[in-house]
Amino acid sequence: MQTQWDDQAQDGFHSNQLFWDERVPSHWRSQMYQQHARDLRAGGIALDDQVIKTLGDLTGQSAIHLQCHMGMETLSLERLGATTTVGIDFSKPALEHACTLRDELGLTATFHCCNVYDTLEHVDQTFDLVFVSLGALCWLPDVPRWAALIGNLLHPGGRLYFIDSHPMASTLDYNKEHDLMQVHFPYFQDKAVVLEEDGSYASSETGFKQNRTVEWNHPIGEVMTALIRVGLVIDSLDESSTCCYKAFENMTPSRPGWWQLPPALDGFVPFEYTLQAHKA
Ligand SMILES: C[S@@+](CC[C@H](N)C(=O)[O-])C[C@H]1O[C@@H](n2cnc3c(N)ncnc32)[C@H](O)[C@@H]1O
């Protein structure tokens, strides 16, 4: 049975899907994702070294990637040895690229086009690994329902690897005139924030038409509590002051593909966090 949603959530899913669908061609062309595709075509893995190290050898395991975009990370999970690999995303054009790349690489991952909350309509098995990565939770209105989904997708002993933007970073804005980082959005939000922004994290292209997004900031405590309540045991929570894209104009490169605040502000704000958990 499909989940029922209030008007704001339905409006959000609708706007956000238009936003994502329109950005796919530009993302596919972008330096960031073309590099990931080149890495995969060269037999490599399109994941950060630290993530690869933490995930380890997935030989013989089953893995599902929620909000997999153009599938490059999902295909990387298969390259790490997973024998069953599934990717979920609601953007049809994104998954068309995922399927084309999978076929080109001779891999076997399956992709399902649906709202992440409807995953169980399409998938009837449990997994060793649920993988969720950067740019995921801000698109989802309901964390307890998301956590329940993860609880249902994991078999006992299965683990969650979740890396995402830090909710504290989402409260900030950069005031160029005064060279100041300002807290502009509340950390605790009882309703969504509606934004209107051209451009994208992955490409310098502009001139998009679908720029309206509806986003939800989810405090770390809300996420951890929701996961604990569905029976997950939290193994680690790591916060990082680097960011996988240039989130603010004053950011400087830290290492290839990563950004941080200028030296005087480095370490002031967490930009990402990684939460690992397992199902008891
Ligand atoms: C920032 S991207 C993820 C990027 C991914 N970590 C990568 O590196 O390729 C966010 C993805 O979430 C998907 N998405 C957003 N809301 C969704 C929803 N309610 N159900 C399914 N997919 C959703 C978008 O279509 C998009 O592909």
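The values are calculated or read from the model by the stated rules, or taken from the named source; none is laboratory data. Predicted model, so just to flag it, every value in this text is computed and none were measured. Here the Cβ positions follow ideal geometry from the backbone for every residue, glycine too, while neighbour counts run over all protein chains shown.
Could you check, for segment 60-73, whether at least one of its residues is part of a helix (DSSP H, G or I), surrounded by 17 or more Cβ atoms within 10 Å (Cβ to Cβ) and modelled with pLDDT of 95 or more?
The initial filter retains those residues of segment 60-73 that are part of a helix (DSSP H, G or I), namely 72-73.
Pick out the ones that are also surrounded by 17 or more Cβ atoms within 10 Å (Cβ to Cβ) and you get 72-73.
The next check asks that each one be modelled with pLDDT of 95 or more; those that pass are 72-73.
Looking through segment 60-73, at least one residue is part of a helix (DSSP H, G or I), surrounded by 17 or more Cβ atoms within 10 Å (Cβ to Cβ) and modelled with pLDDT of 95 or more.
Being at negative phi, among the aliphatic types (A, V, I, L, M) and exposed (fewer than 12 other Cβ atoms within 10 Å of the Cβ) narrows it down to one residue among L172, L180, L227; which is it? Explain how you work it out, then say what you get.
On the way: L172 fails: exposed (fewer than 12 other Cβ atoms within 10 Å of the Cβ); L227 fails: exposed (fewer than 12 other Cβ atoms within 10 Å of the Cβ).
After ruling out the rest, the residue left standing is L180.
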Against the condition free of Cβ contacts under 8 Å to residues at least 24 places away in the same chain and not small (G, A, S), how does E197 come out, does it pass? yes
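More than 29 Å from W5 (Cβ to Cβ), in contact with a Pro (Cβ under 8 Å, 6 or more places away or on another chain) and crowded, with 17+ Cβ neighbours inside 10 Å, is that true of S241?
Numbers: more than 29 Å from W5 (Cβ to Cβ): yes; in contact with a Pro (Cβ under 8 Å, 6 or more places away or on another chain): yes; crowded, with 17+ Cβ neighbours inside 10 Å: yes.
Here the answer is yes, as S241 does meet what is asked.
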Could you tell me whether segment 81-92 includes any residue that is touching a residue at least 60 places away in the same chain (Cβ under 8 Å) and farther than 28 Å from N16 by Cβ? no
Go through (1) within 14 Å of the ligand (Cβ to nearest atom); (2) in a loop (DSSP other than H, G, I, E, B) one by one and return the number of the condition Y187 breaks. (1)
Can you run down the residue pairs with Cβ atoms below 8 Å, 6 or more apart or on separate chains, where the first is in segment 267-278 and over 13 Å from M181 (Cβ atoms) and touching a residue at least 60 places away in the same chain (Cβ under 8 Å) and the partner is crowded, with 19+ Cβ neighbours inside 10 Å and among the β-branched types (V, I, T)? E272/I163; Y273/I163; T274/I163; L275/I163; L275/V223
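In a loop (DSSP other than H, G, I, E, B) and touching an Asp or Glu at 6+ places or on another chain (Cβ under 7 Å) - does that describe any residue in segment 120-132? Step through it out loud before you land on a result.
Taking segment 120-132 as the starting set, the residues that turn out to be in a loop (DSSP other than H, G, I, E, B) are 122-126.
Next, from what is left, pick out any that are touching an Asp or Glu at 6+ places or on another chain (Cβ under 7 Å): none.
No, that holds for no residue.
Is at least one residue of segment 141-151 within 9 Å of the ligand (Cβ to nearest atom) and under 19 Å from the mean Cα position of the chain (by Cα)?
At the first step, the residues of segment 141-151 found to be within 9 Å of the ligand (Cβ to nearest atom) are 141.
Imposing the further condition that a residue be under 19 Å from the mean Cα position of the chain (by Cα) reduces the set to 141.
Yes, some residue in segment 141-151 is within 9 Å of the ligand (Cβ to nearest atom) and under 19 Å from the mean Cα position of the chain (by Cα).
Of all residues in segment 106-119, which are touching a residue at least 12 places away in the same chain (Cβ under 8 Å) and part of a loop (DSSP other than H, G, I, E, B)? Step through it out loud before you land on a result.
To start, the set of residues in segment 106-119 that are touching a residue at least 12 places away in the same chain (Cβ under 8 Å) comprises 107-119.
Listed by number, the residues that qualify are L107, T108, A109, C114, N115.
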Restricting attention to segment 229-244, report how many residues are in contact (Cβ under 8 Å) with a residue 60 or more places away in the chain and more than 12 Å from D164 (Cα to Cα). 5
Scope segment 61-72; condition over 20 Å from Q17 (Cα atoms) and in contact with a helix residue (DSSP H, G or I) (Cβ under 8 Å, 6 or more places away or on another chain); matching residues: A63, I64
All conditions in (1) modelled with pLDDT of 95 or more; (2) assigned to a loop (DSSP other than H, G, I, E, B) are true of F162 except (2)
For segment 47-56, indicate whether the set of residues that are in contact with a His (Cβ under 8 Å, 6 or more places away or on another chain), modelled with pLDDT of 95 or more and within 13 Å of the ligand (Cβ to nearest atom) is non-empty. no
Does F127 count as more than 16 Å from the ligand (Cβ to nearest atom) and in contact (Cβ under 8 Å) with a residue 12 or more places away in the chain? yes
Residues of segment 23-59 being assigned to a helix (DSSP H, G or I), exposed (fewer than 13 other Cβ atoms within 10 Å of the Cβ) and acidic (D, E), in sequence order, are D49
Checking D103 against (1) in a helix (DSSP H, G or I); (2) under 19 Å from the mean Cα position of the chain (by Cα); (3) more than 9 Å from the ligand (Cβ to nearest atom); (4) more than 30 Å from F188 (Cα to Cα), the condition it does not meet: (2)
